[in-house]
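Heads up, the thing below is written out as structure tokens.
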Amino acid sequence: MESSIIYVLSVSGQPLMPTKRHNKVWYWLRRGLAKVVRQEPFTIQLCFETSTYTQPVIVGVDTGSKTVGVAATTNGEVVYQAEVYLRTDISANMTQRRMYRRHRRARKTRYRAARFANRRRQVEWLPPSLRSKAEATVKAVRLIASLLPVGKVNVEVGNFDTQRMQHPQISGLDYQQGTLQGYLVREYVLEKWKRTCAYCQARGVPLELEHIVPRSRGGGSRESNLTLACYPCNERKGQQTAAEFGYPKIQAQACVPLKDAAHVSVIKTSVLQQLRSLFGDAHLSVTYGYETKYKRIQMLGLPKSHTNDAVAIACEMGERVKPREEVYQIRCLPRGQYQRFNGRHSEHKCWAPRKVRGYKLYEVVKAKGVVGYIGGRREKGSFIIKELSSGKKLIEVAPSKLERVARPTQGWMITRKPILENLRKEGGASSPS
Ligand SMILES: [Zn+2]
């Protein structure tokens, strides 16, 4: 087990380079030369002046609609890796709130002015579910910037770069000869033909790049001559062109380029905009999925995961780094600051108190060899424990059997991955992976 990284802040709170020298850190803490400012990720602040020399840290962000991967590298070493689980309950919660309000208005309650017509949307308005996702992604990067001296942020926006498809001469050697060109073309053709065999419409089977006019008959390897075929179709077609094979339309279809391949989603646009205003245009760069895939598989030899993708995004071309064994798991939570908790007027206090049997919602607990968070509490009866990554219900257990692992902070539940896996093994309730 590698030793974990401790993040260090200067007297004024500026992030310095992180350290692995645990003995030194404990010495400082014992002598009162430093203080703990954050438990998870473990961060200390020095109480004495030091040189504030730092080397820039590069952050990689793998955006997603449910899980976001973030990683930070410096000097060929990964110094931070985290998986962020975004909230997916917002639209359901808002539907419920709307329903409650509708019912409440029908009851005999105090007068509430009609307010549906005096609301105006801001220019950059996003639906609440998407806004929460964009903000949580930016917040995850802001957390890194509060721990480490961030010099550059790389964000993956789309699968491939259409600019480079059209003008291959503008880019470097990798694109013109072999390797990366192959990745770019493959991803492009997969997207263009919607991952379907062009001849029998088969999906979910291994697909091959297929030359519409075969290479033996003078067909080139440009994307306008390529389509997708499953192995049986490719074999049957053999040395024929698509027209001879009985599919004259495919040739015409192949000549039409994909419109805007790097379709950047609403979330990504918002994330880029916010990161740009935080770090500045010069410190933000945009990468593409095919580059990530190439770097992850060919350069780093890593399996697919959100954090491994983030490491690949943070890496420079040709850089070799090893991912950390320790990955932070961050789950975004509702803060729970609602009118219903204040109850100023006739709103009844008909909800559970902040603590039930000494526990708050979303505390990470261990019980019956299982680690999860408290997803439901009862004044009399068992608590519901849910899984950290998926939010699925694991067990129901009496509160007296619970053992506290961590408390949520600042709208987040932060835990470390290998520790939880070790804990899970004790109970024998492990799942095959
Ligand atoms: Zn086929």
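The values are calculated or read from the model by the stated rules, or taken from the named source; none is laboratory data. As the structure is a computational prediction, the values presented were derived from the model and not from experiment. In this analysis, Cβ positions are derived from the backbone assuming ideal geometry, glycine residues included, and neighbour counts consider all displayed protein chains. Just so you know, the surface numbers come from the protein's heavy atoms only, side chains and all, with ligands and any DNA or RNA stripped out. Shrake-Rupley method; radii C 1.70, N 1.55, O 1.52, S 1.80 Å.
Here the range 74-119 is the region considered, the condition is being of a type in the set (A, V, I, L, M, F, W, C) and in a loop (DSSP other than H, G, I, E, B), and the residue that is farthest from the chain's Cα centre (by Cα) is 113.
Every listed requirement among (1) within 16 Å of the ligand (Cβ to nearest atom); (2) part of a helix (DSSP H, G or I); (3) open to solvent by less than 20 Å² (accessible area, probe 1.4 Å) is met by residue 236 save one, (3). Kindly indicate whether residue 44 is over 30 Å from residue 17 (Cβ atoms) and surrounded by 14 or more Cβ atoms within 10 Å (Cβ to Cβ). Considered against the rule, which asks whether it is over 30 Å from residue 17 (Cβ atoms) and surrounded by 14 or more Cβ atoms within 10 Å (Cβ to Cβ), residue 44 comes out as no.
Selection over the range 176-204 of residues that are at pLDDT 75 or above and open to solvent by less than 60 Å² (accessible area, probe 1.4 Å) gives a count of 13. Would you check if there is a residue in the range 17-40 being open to solvent by less than 10 Å² (accessible area, probe 1.4 Å) and among the hydroxyl-bearing types (Ser, Thr, Tyr)? No, the range 17-40 has no match at all. Residues in the range 120-137 that are in a loop (DSSP other than H, G, I, E, B) and among the polar types (S, T, N, Q): 122 alone. Restricting the search to the range 219-233, which residues are farther than 19 Å from residue 184 by Cα and either free of Cβ contacts under 8 Å to residues at least 24 places away in the same chain or open to solvent by 60 Å² or more (accessible area, probe 1.4 Å) (or both)? 219, 231, 232, listed by residue number. Note on the range 190-233: residues that are within 15 Å of the ligand (Cβ to nearest atom) and among the small types (Gly, Ala, Ser) total 4.
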